[in-house]
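**Student:** Take a look at the following structure, please.
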Amino acid sequence: MGPGPAQALRYGLPELDALHHRDFEYVVRDLMLRDGCTDARQIGGAGDNGADVLATDPLGRSWVIQVKHRRDGDRGSPVGTPDLQRVNGTARQLYGADIVLVVTNGRFSTRCAPLAAQLHMHLADRRTLATWASDGRPLWELLPKIPPPRKNR
């Protein structure tokens with residue numbers, strides 16, 4: 001039996017840029033499903049508390065993902081530190097996240113990387129997204145400093 005359609009899921013940046021924000025959230029969910037997060041679900045919308053996608057990876061780590069779509073890609077306005085603070089404030093308390101991630105098809109302001117490091121959050125910018133969406137490797141292989149697998153799950 002060959003790989004199912006999920007394993008074959010691939011997207012290019014022009015495709016991702018053209019999506020509506022809500023559809024981009026579903027794409028991120030589908031990519032997490034592709035990578036083996038069987039419970040990945042889109043929860044974004046009013047009252048989402050800064051979380052758009054929740055997932056548990058095959059190593060037992062829970063992910064809370066905030067999705068930021070920019071119609072103009074990296075030419076659009078950068079994702080800023082308030083976006084990081086918003087999801088950080090809820091991800092661990094409300095959702096018990098092991099990994100808090102903000103993913104965008106755009107770029108992050110220069111202040112985001114130091115803040116993300118301080119908050120133990122992860123950022124996936126346009127380049128990381130392009131690799132993740134197009135080459136089939138799971139996101140946790142592309143991000144630095146991912147926490148180790150959960151013990152006793």
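**Student:** Considering the range 61-110 alone, what residues qualify as being hydroxyl-bearing (S, T, Y) and either open to solvent by less than 10 Å² (accessible area, probe 1.4 Å) or in contact with a Cys (Cβ under 9 Å, 6 or more places away or on another chain) (or both)?
**Tutor:** T81, T104 - these are the residues of the range 61-110 that are hydroxyl-bearing (S, T, Y) and either open to solvent by less than 10 Å² (accessible area, probe 1.4 Å) or in contact with a Cys (Cβ under 9 Å, 6 or more places away or on another chain) (or both).
**Student:** Out of the helices (runs of 4 or more DSSP H) lying entirely within the range 1-112, which hold 1 or more residues that are within 17 Å of T128 (Cα to Cα)?
**Tutor:** 13-17, 21-34
**Student:** Out of all the residues in the range 118-145, which are within 16 Å of A97 (Cβ to Cβ), at pLDDT 90 or above and assigned to a loop (DSSP other than H, G, I, E, B)?
**Tutor:** Once the filter is applied, which keeps residues that are within 16 Å of A97 (Cβ to Cβ), at pLDDT 90 or above and assigned to a loop (DSSP other than H, G, I, E, B), the range 118-145 yields H120, M121, L143.
**Student:** Condition (residue is farther than 23 Å from D23 by Cβ and in contact with a Phe, Trp or Tyr (Cβ under 7 Å, 6 or more places away or on another chain)) applied to the range 78-90: is it met by at least one residue?
**Tutor:** So far as the range 78-90 goes, no, none of its residues is farther than 23 Å from D23 by Cβ and in contact with a Phe, Trp or Tyr (Cβ under 7 Å, 6 or more places away or on another chain).
**Student:** If a residue has to be surrounded by 15 or more Cβ atoms within 10 Å (Cβ to Cβ) and in contact (Cβ under 8 Å) with a residue 40 or more places away in the chain to count, how many in the range 135-151 make the cut?
**Tutor:** 6
**Student:** Okay, next question. Could we say that L115 is hydrophobic (A, V, I, L, M, F, W, C), on the phi < 0 side of the Ramachandran plot, open to solvent by 10 Å² or more (accessible area, probe 1.4 Å) and in a loop (DSSP other than H, G, I, E, B) here?
**Tutor:** Answer is no for this residue.
**Student:** Of all the residues that make up the range 39-57, how many are surrounded by fewer than 17 Cβ atoms within 10 Å (Cβ to Cβ) and either closer than 20 Å to L142 by Cβ or at pLDDT 95 or above (or both)?
**Tutor:** 2
The values are calculated or read from the model by the stated rules, or taken from the named source; none is laboratory data. All figures in this text were calculated on a predicted structure; none of them were measured in a lab. We place every Cβ from the backbone using ideal geometry, glycine too, and count neighbours over all the protein chains shown. Calculation scope for accessible area: heavy atoms of the full protein, side chains included, ligands and nucleic acids excluded. Shrake-Rupley method; radii C 1.70, N 1.55, O 1.52, S 1.80 Å.
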